[in-house]
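Trainee: Pasting in a structure now, in structure tokens, and then I'll have a few things to ask.
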Amino acid sequence: MEHHFQVQGMTCGHCEQAVRKAIQRLDANAQIQIDRTQNQVDVQSEQPRDALAHAIADEGYAVQ
């Protein structure tokens, strides 16, 4: 499944890595595309959208 998120608060490469690692803890095989300038995170994963959003939010980012 493909999931699209608007993620507020990503300002640097470290932020991108934090989001990427949070997703990979749930699904090590997830395909992740992050565009920090657009605040967009696209994820190909079999995990439910809510679980992925919660993992990102747990890192301190606002997820829509």
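Residues are listed down the side, and each one gets a yes or a no for (1) among the aliphatic types (A, V, I, L, M); (2) more than 9 Å from the chain's Cα centre (by Cα):
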{"residue": "PHE5", "(1), (2)": "no, no"}
{"residue": "MET10", "(1), (2)": "yes, yes"}
{"residue": "LYS21", "(1), (2)": "no, no"}
{"residue": "GLN33", "(1), (2)": "no, no"}
{"residue": "ARG36", "(1), (2)": "no, yes"}
{"residue": "ASP42", "(1), (2)": "no, no"}
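Trainee: If the requirement is being in contact with an Asp or Glu (Cβ under 8 Å, 6 or more places away or on another chain) and not hydrophobic (A, V, I, L, M, F, W, C), which of these qualifies: ASP58, ASP42, ASP50?
Mentor: Step by step, each of ASP58, ASP42, ASP50 is checked, and only ASP42 is in contact with an Asp or Glu (Cβ under 8 Å, 6 or more places away or on another chain) and not hydrophobic (A, V, I, L, M, F, W, C).
Rule-based calculations on the coordinates, nothing more; no lab input. Everything numeric here is computed off the predicted structure, so don't read it as measured data. Backbone-built Cβ (ideal geometry, glycine too); neighbour counts: all protein chains shown.
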